[in-house]
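For reference, the structure discussed in these notes is given below.
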């Protein structure tokens, strides 16, 4: 699907304000409501819009700790990589998992209520996971930029 300038206006507004009404969105895109809604549905069906969700504040939910865990595996065979991905997919504390190129195989974003909970997670669920060679962790001190999605040019 080709994304034109009107689609970009729609995407930029939905990305920054997911609860915007179709009428307001149509106004910003220079459309009437029915064609705007058709465009949104087409963008959803094409996969440009993956979904809608509430952006929860981790601290308000009691998650005071965010840690990045750099994981190296013993084997980088595809079956071993997939097995690790499946393992971490089942761990609710892991909020992001990215396979990397370089010295480490994966970087994980992990949340926990406190350091003791993170330590239990690290020693009982992450380090003993199949094929894990070693894990290095870095505790987040402050988040200075956190933007969802991707840049959408007009």
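Give me a count of the residues in region 100-119 that are without any contact (Cβ under 8 Å) to a residue 40 or more places away in the chain, closer than 21 Å to residue 63 by Cβ and surrounded by 12 or more Cβ atoms within 10 Å (Cβ to Cβ). Residues that pass the stated criteria total 3. Selection of region 100-122 for residues being outside any strand (DSSP E or B) and farther than 23 Å from residue 81 by Cβ yields 113, 114, 115, 116, 117, 118, 119, 120. The set of residues in region 1-27 being exposed (fewer than 12 other Cβ atoms within 10 Å of the Cβ) and touching a residue at least 40 places away in the same chain (Cβ under 8 Å) consists of 1, 5. Here residue 73 passes the criteria (1) out of contact with any strand residue (DSSP E or B) (no Cβ under 7 Å at 6 or more places or on another chain); (2) modelled with pLDDT of 95 or more except the one numbered (1). Checking each residue in region 85-99 for being loosely packed, with under 12 Cβ neighbours inside 10 Å and assigned to a loop (DSSP other than H, G, I, E, B) picks out 90, 92. Return the residues of region 69-84 that are assigned to a loop (DSSP other than H, G, I, E, B) and either closer than 14 Å to residue 126 by Cβ or in contact with a helix residue (DSSP H, G or I) (Cβ under 8 Å, 6 or more places away or on another chain) (or both); say none if nothing qualifies. Passing the criteria: only 74. For region 51-67, the condition of being at pLDDT 95 or above, more than 25 Å from residue 138 (Cβ to Cβ), surrounded by 11 or more Cβ atoms within 10 Å (Cβ to Cβ) and in the same structural domain as residue 133 (by the TED database) holds for none of the residues. Being part of a loop (DSSP other than H, G, I, E, B), in contact (Cβ under 8 Å) with a residue 24 or more places away in the chain, touching a helix residue (DSSP H, G or I) at 6+ places or on another chain (Cβ under 8 Å) and within 21 Å of residue 71 (Cα to Cα) is a description that does not apply to residue 148.
Within region 128-147, track down each residue that is more than 30 Å from residue 12 (Cβ to Cβ), loosely packed, with under 15 Cβ neighbours inside 10 Å and touching a strand residue (DSSP E or B) at 6+ places or on another chain (Cβ under 6 Å). Scanning region 128-147 gives 133, 134, 136, 138, 139.
Residue 144 versus (1) assigned by the TED database to the domain that holds residue 64; (2) at pLDDT 95 or above: which is the lone unmet condition? Status for residue 144: all satisfied but (1).
The values are calculated or read from the model by the stated rules, or taken from the named source; none is laboratory data. Here the structure is a predicted model, which means the values were calculated and not measured. Note that each Cβ is placed from the backbone with ideal geometry, even for glycine, and that neighbours are counted across all protein chains shown.
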